[in-house]
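The values are calculated or read from the model by the stated rules, or taken from the named source; none is laboratory data. This structure is a prediction, so every number in the text was calculated from the model and none was measured. Heads up, the Cβs are rebuilt from the backbone with ideal geometry, glycines too, and the neighbour counts pull from every protein chain shown.
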Amino acid sequence: MKFTTEHEWLDPSGDDVAVGITDHAASELGDIVFVELPEVGASVSKGDEVVAIDSTKAASGITTPIDGVITAVNEELADTPESVNADAMGTWFFRIDPTDPAQLDELMDEAAYRAMIG
């Protein structure tokens, strides 16, 4: 697992990389009531906002932490966005095929992320 300073997690263990938000991000957002996902097949660049999230506390988004092509989206989130609050670390938003896998090396490991959030 890799982590970003924007409280996203990345799981590069498959053929592509699953992306979600951390427990810390989910608790800061409060109850998530709406999720807008990217289009499968979209080419995205690091820093592009690709997911819109509305919660009881704020509107937020997920920016892609790496360059690549969106290979899948978690369609279940359209009907059950609250599932992110129930299991943030087990709920992915989208999967991405990285165009530059070396960008993953720039991200934090779990120990560094935990140190950052204190």
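Quick notes
- Positions within segment 71-118 being over 12 Å from the mean Cα position of the chain (by Cα) and under 14 Å from V17 (Cα atoms), in sequence order: T71, A72, D97, P98, T99, D100, P101, A102, Q103, L104, D105, L107
- Reported count of residues in segment 103-115, each being closer than 11 Å to H7 by Cα and either out of contact with any strand residue (DSSP E or B) (no Cβ under 7 Å at 6 or more places or on another chain) or at pLDDT below 95 (or both), is 1.
- Remark: pairs (first residue in segment 79-98, more than 20 Å from V44 (Cβ to Cβ); second residue aromatic (F, W, Y); Cβ separation under 6 Å; 6+ apart in sequence or on different chains) = P81/F34.
- The set of residues from segment 10-37 being part of a loop (DSSP other than H, G, I, E, B) and surrounded by fewer than 16 Cβ atoms within 10 Å (Cβ to Cβ) comprises S13, G14, D15, G30, D31.
- Against the numbered list (1) touching a residue at least 40 places away in the same chain (Cβ under 8 Å); (2) touching a Phe, Trp or Tyr at 6+ places or on another chain (Cβ under 9 Å); (3) outside any loop (DSSP other than H, G, I, E, B), T5 comes up short only at (3).
- Considering segment 38-58, and only residues there that are within 19 Å of T80 (Cβ to Cβ) and of a type in the set (G, A, S), the residue that is surrounded by the fewest Cβ atoms within 10 Å (Cβ to Cβ) turns out to be A52.
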